[in-house]
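These notes are about the structure you will find just below.
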Amino acid sequence: MVQEKFLVRRGFTDNHLRELTINGNELKFEDGDSTNPFKIFPGPEIKDYRFGIRWIKFELTYGREYQIFVRDSDNNSIKITFKSYFGRKRNQLHKLYINILDRLWDCYFSRMVDRYREQFADGMEFSINDVLFNKDFIEISVSGIVSQSRKRIYWDNVRTSSYWTYFAIYSVENPSEINRGYSYKEDWNTNVLYSTLRTILREKGIEKYE
C-alpha cells in the first residue's frame, strides 16, 4: 500500500513540525524528543482508534483541537493533535484531520471491518467495544439508575441512529430502555462498530442507508 506522509504542528506552545507516516505496514509519528523522536506501531499490532474535536473555551469558544488517538495491542497509544485559534487555518487543518482519518481507515481499520464480516458469515462470536455479535443477536451494556446491565437484542429488532459525534444502538421493541450511545471521541473503535453493524443490518435487509 502506498505510503503517505503528513506534517503536524500541534499549536502555539509546540510549534515543531512533526512527521506522521501512514502505510499498511506501520504507523510512525514524531512524538518524542530529539534522542528518540519516533513512535512506531507495526500495522498488524494496531488495535483501535478514536477521534474528535475538543472546543477550546474561556467564557467564549475561541479555538478547537483536533484529536486522533491510535492504540496498539499492548495499549500503548499515539496521540495526534493540532489546534486552530480564532478560526486561523481552520479549513486547512480540518482538511488535514479528514485526510489523516481517511488514510488510517484505508490502511488499518477497513481491514478490521472485513475480518469481522468474515467472522460473522462463519457464525463466530466476536466483540467490538462492549458490543457482542452473535449470529442470532447482539448484546449491549445499558446504564441503569445504579449500575449497568447487559441487554440482548435479536437482529430483527436492532436499530441504529447516526449523529455527528456519536452512534446509537437501540431495540425497536423498547427504545427508551434498551439503548446505548458510542462516542467517536471517547469510545474506542466506534467507527469500526458503526461500519460493521450497519453493513450487517443492510445485508440482512433490516436497515437501509442513503
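Derivation of every value follows stated rules applied to the coordinates shown; laboratory data play no part. What you are looking at is a predicted structure, and each value in this text was computed from that prediction instead of being measured. When we count neighbours, we look across all protein chains shown, and the Cβ atoms used for this are built from the backbone with ideal geometry, even at glycine.
Of the residues Q67, Q119, Q92, which exhibits the maximal mean-square fluctuation in a Gaussian network model of the chain defined by a 10 Å Cα contact cut-off?
Q92
At a threshold of 8 angstrom on Cα-Cα distance, excluding pairs fewer than six apart, so keeping six or more, what relative contact order does the chain reach in percent?
Normalised by residue count, the contact order of the chain is 14 percent.
Throw me the Rg/Rh for the chain, computed over C-alpha atoms with Kirkwood Rh, two decimals.
For the chain, the value is 1.01.
Just rank L93, L27, L20, L7, fewest to most, by other beta-carbon atoms within 10 angstrom.
With the fewest neighbours first, L93, L27, L20, L7 line up as L7, L93, L20, L27.
Between D156 and E203, what is the spin-label point distance in nm, taking each point 7 Å from the Cα along the Cα→C-beta axis?
2.1
So what's the back-of-envelope 222 nm ellipticity for the chain, counting only DSSP H runs of four-plus at -39500 (n - 2.57) apiece and dividing by all residues, rounded to 500?
Details: 3 runs with 41 residues, N = 210.
Here the helix-only value at 222 nm equals -6500 deg cm²/dmol.
Taking amide H atoms as placed 1.01 Å from N in the peptide plane, list the residues 5 or more away in sequence, or in a different chain, whose amide H sits under 5 Å from that of I56.
Placed amide hydrogens put Y62, G63, R64, E65 under 5 Å from I56.
What is the distance in Å between the Cα centroid of the range 182-200 and that of the range 100-125?
After rounding, the separation between the Cα centres reads 11 Å.
Could you check the spin-label model distance between L7 and F58? Points 7 Å from the Cα along Cα→Cβ, value in nm.
Taking the simple label geometry, L7 and F58 are separated by 2.9 nm.
Can you return the lysines within cross-link range of K28? Criterion is Cα-Cα under 29 Å, with same-chain partners fewer than 8 residues away left out.
Within reach: K5, K39, K47, K79, K83, K89, K95, K185.
Exactly which chymotrypsin sites (Phe, Trp or Tyr not before Pro) in the range 164-210 are in a DSSP loop and have at most 10 other Cβ atoms within 10 Å? Intermediate values should be presented prior to the final figure.
Details: sites: W164, Y166, F167, Y170, Y182, Y184, W188, Y194, Y209; in loops: W164, Y184, W188, Y209.
The qualifying sites are W164, Y209.
By counting other Cβ atoms within 10 Å of each Cβ, how are D72, D48, D122 ranked from fewest to most?
D122, D72, D48
Hand me the chymotrypsin sites (Phe, Trp or Tyr not before Pro) from the range 32-102 located in a DSSP loop with no more than 10 other Cβ atoms within 10 Å, in residue order please.
Details: sites: F38, Y49, F51, W55, F58, Y62, Y66, F69, F82, Y85, F86, Y97; in loops: F86.
When the chymotrypsin sites (Phe, Trp or Tyr not before Pro) of the range 32-102 are filtered for loop state and at most 10 Cβ neighbours within 10 Å, F86 remain.
FRET efficiency for I40 and Y85, Cβ-Cβ distance as r, R0 = 25 Å, nearest 0.05?
0.20
Please report the equivalent ellipsoid semi-axes of the range 159-210, computed as sqrt(5 x eigenvalue) of the Cα gyration tensor, largest first, in whole Å. Walk me through the intermediate numbers first.
Working: eigenvalues 61, 46, 15 Å².
Equivalent ellipsoid semi-axes, largest first: 17, 15, 9 Å.
Which shape class applies to the range 36-81: rounded if a/c is under 1.5, otherwise prolate when a/b exceeds b/c and oblate if not, where a ≥ b ≥ c are the square roots of the Cα gyration tensor eigenvalues?
Because a/c hits 1.5 or more and a/b exceeds b/c, the range 36-81 counts as prolate.
Each label point is 7 Å from the Cα along the Cα-to-Cβ direction; what then is the distance between the points at A121 and S141, in nm?
3.1
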